[in-house]
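Just so it is clear, none of the values below were taken in a lab; they were calculated from the coordinates. Note that this is a predicted model, so its numbers are computed, not measured. Positions of Cβ are generated from backbone atoms using ideal geometry, with glycine treated the same way; all protein chains shown enter the neighbour counts.
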Amino acid sequence: MNMGHMYEAAIAYFRSTGKDKWLKIAEKNAQHINRVFFEADPNYNNGQPVNQAPGHQEIELALVKLYEVTGNQLYLDMAQNFLNIRGVTYIPEGEKYMSATYSQQHLPVADQRNIQGHAVRAMYQFSGMADVASTTSSNKYDEALQSVWRDITNNKMHITGGLGALHGIEGFGPDYYLPNK
């Protein structure tokens, strides 16, 4: 969910200027997303919580930053909720862009051991997991994060640090698939 980019921009603006107008808009939006996705808003999804992880994982790490700036526990809880439902409440059944691995929905995040799918989405997800874990002092994601880190650095990273060599999905392919072009 690309709202995370807006949250991060609002946080950066607040930190650099001290002005909180945009930050308040980001908070209002996050509270709306919480209602729609986790509580229930009568104006969306027939009044039922969406309870689905977004296709783009940027919101999780942005919510942790929003929590750090505001101190509002709701945002940290939302980040955890989005992580906890990924690969649980909805698993895509398609190919390429609609596959479960493309958006890291093939397993719950704590059970993932190998890097798969779209590189940017994966990095957002695992960064969000690390942020949640360090902020909450939880070790829930430790095994997944350490295993995925080893898979990336040992098997799927160019010497320059580049990721996502699989043409067509900007993602991770088989071990050592690192074309020069």
On a 0 to 90 degree scale, rounded to 10, what angle separates helix 119-136 from the longest Cα axis of the chain?
60
Looking only at aspartates and glutamates whose Cα falls under 16 Å of LYS181's and that sit 8 or more positions away or on another chain, we get GLU170
From the C-alpha gyration tensor of segment 3-172, square roots of 5λ in Å
27, 20, 15
With only alpha-carbon atoms in the gyration tensor, what are the semi-axes of the equivalent ellipsoid for segment 129-181, in Å, largest first?
27, 11, 9
Please give the calculated 222 nm ellipticity per residue for the chain, where each DSSP H segment of at least 4 residues contributes -39500 (n - 2.57) and the sum is spread over every residue; nearest 500 deg cm²/dmol?
-15500 deg cm²/dmol
Please work out how much length the chain gains when fully extended from ASN43 to ILE25, using 0.36 nm per residue of separation minus the C-alpha to C-alpha distance, in nm with one decimal.
4.5 nm
Order by protection proxy (mean Cβ within 10 Å, highest first), peptides 45-54, 152-161
45-54, 152-161
Extension gain (nm, one decimal) between LEU74 and TYR176, 0.36 nm per residue minus Cα-Cα:
32.6 nm
Among chymotrypsin sites (Phe, Trp or Tyr not before Pro) in segment 1-98, those in a DSSP loop whose Cβ has at most 15 other Cβ atoms within 10 Å are TYR44
